[in-house]
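In what follows, a single structure is set out as structure tokens and then discussed.
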Amino acid sequence: MRLLSRATRRGLVAATAAGALALGLAAALPAVNAMAAAGCSVTYTVNQWQGGFTANITIKNLGDAINGWTLGFNFTDSGQKVTQGWSATYAQSGAAVTAASMSYNAALATGASASIGFNGSWTTANPNPVGFALNGVTCTGSPMPTTGGPSPSTRPSGSPSASPRPSSSPSASPSQPTGQTPVAINGQLRVCGVNLCNQYNRPIQLRGMSTHGLQWFANCYNDASLNALASDWLADLLRISMYVQEQGYETNPSGFTNQVNNLVEEATERGLYALIDFHTLTPGDPMYNLERAKTFFAAVSARHASKNNVIYEITNEPNGVSWSTIKSYAEQVIPVIRANDPDAVVIVGTRAWSSLGVSEGGNATEVINNKVNAANVMYAFHFYAASHQANYRSELERAAASLPMFVTEFGTVTYTGGGAVDQSSSTAWFDLMDRLKISYANWTYSDANEGSAAFRPGTCAGGNYAGTANLTESGNFVRNRIRTADNFPTS
Ligand code: IDC
């Protein structure tokens, strides 16, 4: 059984002078035990560049459990503006900013943390904001009574007790999932030889599901569906498929970036690996989206740099272009990610809809002889079992002897995404991937009206994802394979 609970253990709180004072006050007041306790600590980390920055904030509730919160703080440079936030609703008036909880992170038990963040702009300098307060109570890093004594929230915002904790403080690290989740067991992944290896340097296979296009099926990705993926499907991986065209990212870059970021947080809370898919498809030349890719990956890699469960898939299915063009694209996008997140695994699509060139008459040799010039890189292979048969399997097996391969997308049906499940071809593919320890994500964890979808149409509106009642033939077939016991080496 995998444990879904996040760690709620309280970190060591290094008492600040103000915190010690507050504790002393509390001890001196006999009625303190009858009062609601409030308190919080805040970690604020910034990646900045000329004119812009990304801020990540971890709020830890050190008081009684709360349901619904607003974090307030003040910029010290009036030129600073929140341009795009996530995991909270932001408002700004002059230098004063508020960030209000969302439905999914409103409840904070004692000792629990919420991670939020935003992108901002600045004109002169970018010092840390001051005056962090949760529901009006200044975050000093210690609990204090909400009544009695001077109200902490009336302290001048520049007072030392109101300063954010330095990010190196031991109390500042966000709580990590514990227990037997895939991420808890395997930790930070890396490429070792032709394999994907876990923190013990042992090869592993991750099995999981891909979302459908977020622009169409956002209603399929919520607490209930992701709980089912983690605890009923026993998946290791969520691929977050963000189309760039077809009413996707290009129409609303900040909105789709937020949606991806939120799903990464949801995967993280459940101990799942998150595979961020920049879902290019038409046009097939990834260079068409090069600037968008740089902007998008700069934002998401800054946001998730400190996590150990994020994998980047920088282009879904290049087609109609040479391998050398794809390689050149990769060598321009990868450094953007590495600048923020140096150790993350990056996956590069291959020619002809990530078929290693086979669907355009080529083969894997062009990649084997001309690898992407970067470390910790894997190559994508996609198949649809009813369309792609033994010749594709043998080319994947041949390539996998020389290249680290990852099946970031596959279907049990035809390449249209529809048609009937090809049970025998799908079984042969699963057996091959298991034997070679090739990780995979199945298209799709959605209720699209097509054979590749795991759920029957209407499932997402109904909200019942666990078990088999709402599964399609493909969903049932794939779930059975994903559910088979993982074999993650731990030494
Ligand atoms: C398909 C979807 C379908 C959608 C179509 C166009 O299943 O609902 O209308 O895209 O966007 C891929 C692509 C993936 C395709 C899938 C099935 O990565 O976007 O999804 N497929 O056709 N490559 C091979 C097959």
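Values quoted throughout were computed directly from the atomic coordinates according to the rules given, and no laboratory measurement underlies them. Model, not experiment: these values are computed from the prediction. No Cβ is skipped: glycine too gets one built from the backbone with ideal geometry, and neighbour counts run over all protein chains shown.
Quick notes on this one:
- Per-residue Cβ neighbour rank within 10 angstrom, fewest leading, Ile337, Ile347: Ile337, Ile347
- Residues Thr414, Thr211, Thr268, sorted so that the one with the fewest Cβ neighbours within 10 Å comes first: Thr414, Thr268, Thr211
- Summed residue charge, Cβ within 15 Å of Arg202's Cβ, Lys/Arg positive, Asp/Glu negative: 0
- Other residues within the sphere of radius under 9 Å centred on the Cβ of Val264, judged by their own Cβ, net out at 0 (K and R +1, D and E -1).
- Set of lysines with alpha-carbon distance to Lys60 below 25 Å, sequence-local pairs under 8 removed: Lys81, Lys307
- Neighbour counting of Cβ atoms within 10 Å sorts the residues Asp434, Asp447, fewest neighbours leading, into Asp434, Asp447.
- Eligible aspartates and glutamates near Lys327 by straight Cα distance, threshold 19 Å, same-chain separation 8 or greater: Asp277, Asp285, Glu291, Glu313, Glu317, Glu360, Glu366
- Averaging Cα coordinates gives a centre for region 323-361 and one for region 395-414; these two points are 15 Å apart.
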